[in-house]
Amino acid sequence: MSLENTKLKGKPGQFTDQGFTATQFASATDKATFANKMTRFILGGFQVSSFNKKMYQHLSNMFGHIAHYDIHGFYQTWFSDAKACCRWVENMTNNWLVGIGDPKYTWSDVEKALVEWIKDNQIAVQLDEINTAEERAGELALLQHLQEKYAAEEVPAMDTPLEIVVEIDPAPAKVEAAQMSLF
């Protein structure tokens, strides 16, 4: 299930360049702009249409992530549904690598700011509630399908043990013996 048409509650980030340190390759303004875009991406429900190459390139080098082959693999791994988003938030908020490094050379200051923002806006709690609701809906749909499928059959009482009959084909023993003769 996806988070399609789901919006999370919270206040979009209002990060400014004063909160970040420039690196050789990115200004403090670049870092603030990215952090603000990430908060909007999260609050918007992690929509694939909002996940672009620049965001992927930054994220694949932050929070202890790896590239996951490409932008599509990364999105599929971390943002494809509520359960994946829960894992992502858990990974970034509990990862000992987050915030390590000198902000003159890394985006560790952005990592710290985003983790603080996620905690302040209770993103993990919201995602957990969405994930629980999605799992429940899926289980209820499966239950309904199974009830419809087996409605005409008499279902044995739960205290009655089911008899399971397994028929064993003797042919595999012959195949195994033939294979062993190869050695």
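Where a number appears in this text, it was derived from the coordinates with a stated rule and is not lab data. Just so we're clear, the structure is a prediction, and the values are computed from it rather than from any experiment. Glycine gets a Cβ as well: all are built from the backbone with ideal geometry, and neighbour counts include every protein chain shown.
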May I ask which residue of ALA82, MET55, VAL165 lies farthest towards the positive end of the charge dipole of the chain, with charges of +1 (Lys, Arg) and -1 (Asp, Glu) on Cβ and the Cα centre as origin?
MET55
HN-Hα J in Hz across the stretch 86-99 - Karplus 6.51, -1.76, 1.60, θ = phi - 60°, x for Gly and Pro:
4, 4, 4, 4, 4, 4, 6, 8, 10, 8, 5, 6, 5, x
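What area, in nm² and to one decimal, does the C-alpha convex hull of the stretch 1-82 cast on average over all directions?
Details: hull surface 23.4 nm².
Dividing the Cα hull surface by four gives the mean projection, 5.8 nm².
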Over the chain, volume per residue of the alpha carbon convex hull, in Å³
243
Work from the charge dipole of the chain (Cβ charges, +1 for Lys and Arg, -1 for Asp and Glu, about the Cα centre) and give the residue of GLY44, ALA22, PHE34 farthest towards its positive end.
ALA22
Please report, in debye to the nearest 20, how large the charge dipole of the chain is about its Cα centre when each Lys and Arg carries +1 at its beta carbon and each Asp and Glu carries -1 there.
1300
If you scale each eigenvalue of the Cα gyration tensor by 5 and take the root, what three semi-axes come out for the stretch 22-128, rounded to whole angstrom and sorted largest first?
20, 16, 13
Okay, helix-only estimate at 222 nm for the chain: each DSSP H run of n ≥ 4 adds -39500 (n - 2.57), divide by all residues, round to 500 deg cm²/dmol; what do you get?
-16500 deg cm²/dmol
